[in-house]
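Beneath this line is the structure, given in structure tokens, with notes to follow.
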Amino acid sequence: MPRARFQTLTEQMFYILLCLKEECCGIDIMDKIPDMTAGRVSVGSGTLYNLLEQFLEEGMTAQTRIDGRRRSYILTEKGRKTLEAEYQRLKWLVDDYARIFR
Amino acid sequence: MRNIKYVRPFLNFYNREGIIRYLEKQARKGWMFAGFGGLGWKFRRIEPKEVHFSIVYFKDASVYDSVPTQELIEFWDYCAHAGWVFVESSVNMQIFYNESEAPTPIETDPVLEVENMHKVEKKKIVTELIRTLCFLAFMGICGYMAYRRSIIDLLTNRVMVSLGFGWAMAFLIAVIRAAEHYFWYTSVKRRAARSGVFPESGSRTVISQILDCVLAVTVLVLFASMFGWKGIVFGVLLLVVILLACIPISRWISDQLYDHQKTKLVTYGIAAAIMLVIIMLVSVLAPHFQVDQFAPPGSRWARYKQEPPLSTADLLGADEAELRYSGWVEETPFLARFEVYTYADYPNAAEKMDYTILEIKIPAIYNQCKSEMMEQSSVRVSETGEIITERYFSIAAAPWGAKEAFQYGIDETDCRNVWLLCYEDLIVEITMSFDPDEEQRLIIGQIFAN
């Protein structure tokens, strides 16, 4: 059975949603993520644009403001829960690793 | 030294990696890609340098957008923020370049990239499938209606047979493209998810080019079968005129109508009008090409070289120099119909002979063709006021060297000089101004039975 969209998040999806805990302009996310991750993670402009559209369609984010051609977004309750679920999943992975290897 | 050049590289839509490598190589040689022009790909001279190119697919772009939409401009802004400069687009395909040493690619999620390409292509594939299926259904309905009227008229009509074959091929190619795309999508998505990299798609280029060649050959064969080999020139000229007319017309429409829906409607309307004009042209001109007419001297007889297989000279010993004949041929891979008129042109000559040869190339339709030819009947009123029906009735076939033979009339005592003779793969209907004797019937049988 195919996995539901966003049932698990890629690194890029995870950090985009994280950036939207507070209202943020879409374009600015491109600079925020490398700063947040010390350059470890970067998102392509095309990938960012498409993911923001998909998060909006899924109701995980909401558009807050339009300034000319710049649109701002914020996380919704659904988006927050999705992020929380992903955090829990990753935490289990980390805990299982720590239990076995430490 | 020139500063602009136009090139037509042999590159395909699917060969994205090939296009990128080609553009980057040109930049290293001092030529920067500047867009698609009427003469080809436009390049302007620059200082040779390393430039990165990227080709991405914007799924919401449409050929009916006369100006970039807000969404597309926003997408360009995102790319520009990362240093990617927009160069050119071809509907959904967007081409960017970046002069940074190691720019972040525009697409960093290969699975998402595959999904985007899939959405773009799915729209085109579904449209193509629906369009070819509609035309095939239309041809099917026309063909069925023609079949109900006369199977012989239908299967000797080169235009109908060719168009039916052409649209069937077009539909088959559309189905193959759809199937090929589906297999590509499922395979590439799986590989992208596993490897984290967008896989190269070299085989798609080859498959796409093979299908394009098959379609081009189908169109050429179509024109050849409809109009004959010299009619291909007419067909190619027609296509060139249409293409040359469509490009400025479509640009003019885009410039006048700054509205997606209006542009779409007007484009559909003009395309339908052009299709109607082509169909009318083909209907009017094709009969002049598809039927081979012949008459001596130097007459063309499609199968029997310079003269018909049977003439009054064979039966009456008339002087060949006084023999006159004419007729025409209609032929397809299913049936061939030859209609011949022969007579001797000397003073007081009364002997005339007309005949139709139906050559049946598919044995399965033999009986149906025979039934259709035998269906003819006519009604007349006798001197006593009785209504009489004339039709084909069975006669002895052996004198004619045939499998079956029929004569037109009421019975053997009241009949006309019209016969229907059935051979192995020929049905011959002969009308003579005289009643052939046994020897003449034998000659006819020897000619047609062989």
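Summary of values
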read-out	value
In segment B:83-98, residue most open to solvent (accessible area, probe 1.4 Å) [restricted to those that are more than 8 Å from every other protein chain (Cβ to nearest Cβ) and in a loop (DSSP other than H, G, I, E, B)]	B:Val91
Any pair with Cβ under 9 angstrom, 6 or more apart, that starts in segment B:99-121 at a residue that is more than 9 Å from chain A (Cβ to nearest Cβ) and within 21 Å of A:Met30 (Cα to Cα) and ends at one that is among the small types (Gly, Ala, Ser) and open to solvent by 40 Å² or more (accessible area, probe 1.4 Å)	B:Pro110/B:Ala193; B:Pro110/B:Ser195; B:Pro110/B:Gly196
Condition broken by A:Phe55, with the remaining ones in (1) over 24 Å from B:Val111 (Cβ atoms); (2) within 14 Å of another protein chain (Cβ to nearest Cβ); (3) in a helix (DSSP H, G or I) satisfied	(1)
Close pairs (7 angstrom Cβ cut-off, 6 or more residues apart or separate chains): within 13 Å of B:Gln440 (Cα to Cα) in segment B:388-402, assigned to a loop (DSSP other than H, G, I, E, B) anywhere	none
Qualifying residue in segment B:74-82 (condition: within 13 Å of chain A (Cβ to nearest Cβ), open to solvent by less than 50 Å² (accessible area, probe 1.4 Å) and touching a residue at least 24 places away in the same chain (Cβ under 8 Å))	yes
Extreme residue, nearest to the other protein chains (Cβ to nearest Cβ), among residues of segment A:31-47 that are open to solvent by 20 Å² or more (accessible area, probe 1.4 Å) and within 13 Å of the chain's Cα centre (by Cα)	A:Ser42
Number of the exception - B:Ile141 against (1) surrounded by 17 or more Cβ atoms within 10 Å (Cβ to Cβ); (2) hydrophobic (A, V, I, L, M, F, W, C); (3) under 36 Å from the mean Cα position of the chain (by Cα)	(1)
Residue tally, condition open to solvent by 60 Å² or more (accessible area, probe 1.4 Å) and among the β-branched types (Val, Ile, Thr), over segment B:99-138	3
Some residue of segment B:21-37 being out of contact with any Leu (no Cβ under 6 Å at 6 or more places or on another chain), more than 24 Å from B:Ala193 (Cα to Cα) and within 14 Å of another protein chain (Cβ to nearest Cβ)	no
Among (1) part of a helix (DSSP H, G or I); (2) open to solvent by less than 60 Å² (accessible area, probe 1.4 Å); (3) touching a residue at least 12 places away in the same chain (Cβ under 8 Å) - the single one A:Lys78 does not satisfy	(2)
Residue satisfying condition, being at pLDDT 90 or above, farther than 26 Å from B:Tyr325 by Cα and not in a helix (DSSP H, G or I), within set B:Ser394, B:Ser378	B:Ser394
Among residues of segment A:30-75, those that are free of Cβ contacts under 8 Å to residues at least 24 places away in the same chain and among the aliphatic types (A, V, I, L, M), counted	7
Selection count, segment A:5-30, where residues are away from chain B (no Cβ under 12 Å) and among the hydroxyl-bearing types (Ser, Thr, Tyr)	0
Residue count, segment B:46-59 (criterion: surrounded by 15 or more Cβ atoms within 10 Å (Cβ to Cβ) and of a type outside the set (Phe, Trp, Tyr))	7
Verdict on B:Gly401 being loosely packed, with under 11 Cβ neighbours inside 10 Å and out of contact with any Leu (no Cβ under 6 Å at 6 or more places or on another chain)	no
Count of segment B:51-73 residues which are at pLDDT below 85 and over 10 Å from B:Asn92 (Cβ atoms)	4
Members of segment B:1-45 found to be over 28 Å from B:Cys213 (Cα atoms), open to solvent by 30 Å² or more (accessible area, probe 1.4 Å) and among the aliphatic types (A, V, I, L, M), listed by number	B:Met1, B:Ile4, B:Ala34
Residue list for segment B:60-73, filter: within 14 Å of chain A (Cβ to nearest Cβ), surrounded by fewer than 17 Cβ atoms within 10 Å (Cβ to Cβ) and not acidic (Asp, Glu)	B:Pro68, B:Thr69, B:Gln70, B:Ile73
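Residue-by-condition table, conditions (1) closer than 30 Å to B:Leu335 by Cα; (2) at pLDDT below 80; (3) assigned to a helix (DSSP H, G or I):
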site	(1), (2), (3)
B:Leu129	no, no, yes
B:Ile141	yes, no, yes
B:Tyr147	yes, no, yes
B:Met169	yes, no, yes
B:Ala174	yes, no, yes
B:Arg177	no, no, yes
B:Val206	no, yes, yes
B:Val217	yes, yes, yes
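The values are calculated or read from the model by the stated rules, or taken from the named source; none is laboratory data. What you are looking at is a predicted structure, and each value in this text was computed from that prediction instead of being measured. Every residue, glycine among them, receives a Cβ derived from its backbone with ideal geometry; neighbour counts consider all protein chains shown. These area figures cover heavy atoms from the full protein model, side chains too; ligands, DNA and RNA do not enter into them. Shrake-Rupley method; radii C 1.70, N 1.55, O 1.52, S 1.80 Å.
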